[in-house]
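Here is the structure we will look at, set down as structure tokens.
The values are calculated or read from the model by the stated rules, or taken from the named source; none is laboratory data. Worth saying up front: this structure is predicted, and the values here are computed from it rather than measured. Every residue, glycine as well, gets a Cβ built from its backbone with ideal geometry; the counts of neighbours run over all protein chains shown. Just so you know, the surface numbers come from the protein's heavy atoms only, side chains and all, with ligands and any DNA or RNA stripped out. Shrake-Rupley method; radii C 1.70, N 1.55, O 1.52, S 1.80 Å.
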Amino acid sequence: MTAEPEQLPMVVPASDLPQRVRIHEVGARDGLQNEKLAVPTEIKAEFIRRLADAGLTTIEATSFVHPKWVPQLADAEQLFPLVQELKGVHLPVLVPNGRGLDRALALGADRVAVFASATESFAKANLNRTVDESLGVFAPVVARAKETGAHVRGYVSMCFGDPWEGAVPIHQVVRVCRALMDMGCDELSLGDTIGVATPGHVLELLSVLNEEGVPTNVIGVHFHDTYGQALANTYAALEHGVTTIDASAGGLGGCPYAKSATGNLATEDLVWMLQGLGIDTGVDLGRLVATSVWMAAHLGRPSPSRTVRALSHKEQ
């Protein structure tokens with residue numbers, strides 16, 4: 001009798017890494033907002049349902065930005081009610097200002113996110129304000145969200161490099177992170193918006209944040225794979241103790257305001273690495289790959305995720 005082949009990836013745990021990681025899935029928002037054409041609302045809702053069925057428990061659903069700025073997500077009011085009853089799934093949404101928060105709260109959203117920049121150039125391009133002006137807008141938004149009992153995430157873009165300004169001083173990033181925490185954010189997401197981070201840089205920023213009173217357990221990381229460093233940077237963050245990793249199913253997304261930004265870290269590539277390390281995610285990789293293949297068919301192009309391509313090819 002021929003023995004069944006051992007399941008891959010082979011599990012070889014590494015010492016001093018977290019036992020479990022929470023994946024903050026951003027494909028339905030950060031991924032789809034970068035598409036040239038808007039995806040139909042029901043397809044978005046089915047995408048979120050399938051991601052939940054694959055075991056993802058935090059799925060960023062949409063953004064309550066004015067449709068003029070992100071027309072691909074103009075259907076936020078129509079989409080959110082279609083998925084908000086998913087059991088055991090958190091559905092955070094982006095809110096740019098008080099009006100966006102009003103719209104989200106009116107639909108029963110209980111997890112919101114604001115998005116700041118570590119650099120003046122990107123703050124101007126993305127928010128049409130200076131860094132300090134944008135923080136001034138967010139303060140009352142965060143305060144009111146907290147009054148309603150909502151969980152608030154603070155995104156910080158351009159933490160590792162900026163297409164206009166180049167290298168971003170670490171103290172500059174820490175100042176914005178500290179300001180968001182001081183106004184009441186429950187967690188932060190450190191964005192490598194143009195994908196230029198390297199592991200040593202990641203470790204240094206995390207260490208300085210700790211020294212300035214921002215604990216590791218409130219930090220998530222959001223890497224883009226422009227230079228092929230997203231998984232290496234993720235591993236560095238894991239070594240530091242980070243347990244919240246942003247990723248996008250199928251590697252969808254980029255940044256409409258930073259032309260050099262390519263796709264997010266693919267959730268499937270992340271899960272493959274974490275499975276090999278023996279780190280629990282609660283995600284069924286087969287179901288997740290099938291979901292990304294399904295969405296790629298709707299978008300009319302193959303997924304850029306190497307894991308999606310490898311596993312979907314094996315099943316053909």
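Note: relative contact order over the chain, using C-alpha pairs below 8 Å and six or more positions apart, is 21 percent.
Take the range 1-101 with all the other protein chains still there, run a 1.4 Å probe, and you get 53 Å² of accessible area per residue. For the range 68-130, GluC sites (Glu not before Pro) meeting the loop criterion (DSSP other than H, G, I, E, B) and having at most 16 other Cβ atoms within 10 Å: GLU85. Taking springs between alpha-carbon atoms closer than 10 angstrom, which of ASN210, ASN126, ASN264 fluctuates most in the Gaussian network model of the chain? Among ASN210, ASN126, ASN264, the largest mean-square fluctuation in the Gaussian network model of the chain belongs to ASN210. Rounded to the nearest 20 debye, the dipole magnitude of the chain is 720 debye, with +1 charges on Lys and Arg beta carbons, -1 on Asp and Glu beta carbons, and the Cα centre as origin. Working from Cα pairs under 8 Å separated by at least six residues, relative contact order for the range 99-171 is 40 percent. Per-atom-type breakdown for the range 1-152 gives carbon and sulfur 54% of the accessible area (1.4 Å probe, protein chains only).
Within the chain, DSSP assigns beta bridges of which about 5% are antiparallel (rounded to the nearest 5). Could you tell me which of the pairs LYS124/LYS146; LYS68/LYS146; LYS44/LYS68; LYS36/LYS68 are separated by over 23 angstrom between their Cα atoms in the structure shown? Table pairs above 23 Å Cα-Cα are LYS124/LYS146; LYS68/LYS146. Counting Lys and Arg as +1 and Asp and Glu as -1 over every other residue whose Cβ lies under 9 Å from the Cβ of HIS222, the net charge comes to -3. Residue separation of GLU35 and MET10 scaled by 0.36 nm, minus their Cα-Cα distance, works out to 5.4 nm of gained length. Distance between the 7 Å Cα→Cβ label points at ALA297 and GLU42: 1.6 nm. Taking a ≥ b ≥ c as the square roots of the eigenvalues of the alpha-carbon gyration tensor, the range 161-316 is classed prolate because a/c is 1.5 or more and a/b outweighs b/c. Extending 7 Å from the Cα toward the beta-carbon at both LEU17 and HIS313 defines two label points whose distance is 2.4 nm. Per-residue extension of 0.36 nm, minus the Cα-Cα distance of ASP186 and HIS151, leaves a gain of 12.0 nm for this segment. Measuring nothing but how far apart in sequence close Cα pairs (under 8 Å, 6+ apart) lie, relative to its length, the range 2-88 scores a relative contact order of 32 percent.
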